[in-house]
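Accompanying notes for the structure given below.
Readers should treat all values here as calculations from the given coordinates under stated rules, not as data from a laboratory. None of these values were measured; they are calculated from a predicted model. Cβ coordinates were reconstructed from backbone atoms using ideal geometry, including for glycine residues, and neighbour counts include every protein chain displayed.
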Amino acid sequence: MDKLLHFLVCFCICLLLYPLIGWWSIGTAVATGVGKELYDWKDYGLFSWSDIVADIAGTAAGALIIVIIKLIIS
C-alpha cells in the first residue's frame, strides 16, 4: 500500500502542477518524494529506495499522460 501511495502522490503532483509550472512539475514531484524519504531517514532512521522508485514511476506515468494528451490535442 505504501508504494501505491508514493506512486499516486507523485503522479497527481505531476499532472496537477503541469498547467501551473509546466515541465517543472516533474522535478517538483520527484523532489517531494525524495524529501519525504529524507524526512523518514532523519526522524525514523529509515530510507527506502523502493519508495524512490515508486515516486519516479508515478512521476514518469504522469509525464507520459501529459505527453499523450498534448499529442491528442495537437
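Counting residues in the range 28-39 that are in contact (Cβ under 8 Å) with a residue 24 or more places away in the chain and either surrounded by fewer than 16 Cβ atoms within 10 Å (Cβ to Cβ) or β-branched (V, I, T) (or both) gives one or more. So which residues in the range 4-26 are out of contact with any helix residue (DSSP H, G or I) (no Cβ under 9 Å at 6 or more places or on another chain) and either in a helix (DSSP H, G or I) or within 20 Å of D51 (Cβ to Cβ) (or both)? Residue satisfying the conditions is L20 alone.
Given the structure, is D51 in contact with a Lys or Arg (Cβ under 8 Å, 6 or more places away or on another chain) and either surrounded by fewer than 17 Cβ atoms within 10 Å (Cβ to Cβ) or not hydrophobic (A, V, I, L, M, F, W, C) (or both)?
Against the criterion (in contact with a Lys or Arg (Cβ under 8 Å, 6 or more places away or on another chain) and either surrounded by fewer than 17 Cβ atoms within 10 Å (Cβ to Cβ) or not hydrophobic (A, V, I, L, M, F, W, C) (or both)), D51 qualifies.
For the range 42-69, a residue qualifies if it is more than 10 Å from F7 (Cα to Cα), among the aliphatic types (A, V, I, L, M) and assigned to a helix (DSSP H, G or I), and the qualifying residues are A63, L64, I65, I66, V67, I68, I69.
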